[in-house]
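Values in this text are rule-based calculations from the coordinates and carry no lab data. Keep in mind that this is a model prediction, so the values were computed, not measured. Glycine gets a Cβ as well: all are built from the backbone with ideal geometry, and neighbour counts include every protein chain shown.
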Amino acid sequence: MSRNKGLRDDRWYLNIMAPNTKGPKFAWLDPTSIYINGEAFHDLLDDLVTDLDGIRPDVVGGLDAMGFVLGAALATRLGVGFLPIRKAGKLCVETDKVSFSNYSGRTQDMEMRTPAFGPGTKVLLADQWVETGGTMDGAIRLVERQGGKVVGLAAVAIEENPVTDGYRKKYRCVSGVVQGSRWQTECNAQKLSSFARYTPELAWPKLG
């Protein structure tokens, strides 16, 4: 695939995501194949940065754990710092903590260092996937409790449901999966047509 936007298929990188092969306690797909493939990862970042036009965060907050990958890459592209928002018990400094329910229905705790920033700091939050919105809700609460302002949410995909509809009304939400596309419909159903053609080799980086 070419990284020239005029030559490549729109959002082609979504075709190389891997289906869950390990059972119901895991997420229904794995987007990390996009990160492994250099062209796919950079095209995803190109699209997210383009769609974030007009959003000027002071820092990007990434949600533990896979949100670290996307968040750190976006922070680098945007020329700002990166704030890890972690699962509880990982940070060796003073923290603020909230509880949330994740996509599997389990209750977990999330922490952020305190103080992480000054009042009024504009924060873009990034996670790999937003399904039930529980993890993102925890991150939003942590940011706002320190006086930060959430200016947007970024992800590979944001599913459509009452919780994420509320996010879209309140924040600028951008993702590799665009609302109104077939990808959005398939993500909502949690089954991609590309799964029928998936092979691990699609994600392999090119050898130099």
* Please turn the phi angles of segment 17-31 into ³J(HN,Hα) values with the Karplus equation 6.51 cos²θ - 1.76 cosθ + 1.60 (θ = phi - 60°), one per residue in order, whole Hz, x for glycine and proline. => 6, 8, x, 5, 10, 10, x, x, 7, 9, 4, 6, 8, 10, x
* Of the trypsin sites (Lys or Arg not before Pro) in segment 102-208, those whose Cβ has at most 10 other Cβ within 10 Å and which sit in DSSP loop -> Arg106, Lys206
* When we measure straight from the Cα of Lys169, which aspartates and glutamates land under 15 angstrom away, once same-chain ones fewer than 8 places off are left out? -> Asp137, Glu159, Glu160
* To do: Answer rounded, prolate or oblate for segment 169-208, using the Cα gyration tensor with square roots of eigenvalues a ≥ b ≥ c: rounded when a/c is under 1.5, else prolate when a/b is larger than b/c, else oblate.
  => oblate
* **Rounded if a/c under 1.5, otherwise prolate or oblate - segment 1-145, Cα gyration tensor axes** => oblate
* Label Thr21 and Asp53 with points 7 Å out from Cα along Cα→Cβ: what is the distance between them in nm? -> 4.0
* **Rg(Cα) / (2.2 N^0.38 Å) computed for segment 96-208, rounded to two decimals** => 1.25
* Structure fact -> For Arg197 and Arg77, extending 7 Å from Cα along the Cα-Cβ vector and measuring point to point gives, in nm, a value of 2.4
* Structure fact -> Magnitude of the Cβ-charge dipole (Lys and Arg +1, Asp and Glu -1) of the chain about the Cα centre, nearest 20 debye, reported as 180
* Select from Gly166, Gly176, Gly134 the residue whose mean-square fluctuation is largest in a Gaussian network model of the chain (Cα-Cα springs shorter than 10 Å). => Gly166
* To do: Output the Kirkwood hydrodynamic radius of segment 84-149, Cα pairs only, in Å rounded to one decimal.
  => 12.2
* **Estimated distance in nm for a label pair at Ala65 and Ala189, the labels positioned 7 Å out from Cα along Cα-to-Cβ** => 3.2
* To do: Return the whole-Å distance between the Cα centroid of segment 40-70 and the Cα centroid of segment 80-96.
  => 19
* Would you mind getting me the FRET efficiency between Thr114 and Val163? Use the beta-carbon distance for r and R0 = 25 Å, nearest 0.05. => 0.45
* **Segment Lys149-Lys87, extension gain: residue separation times 0.36 nm, minus the distance between their alpha carbons** => 20.2 nm
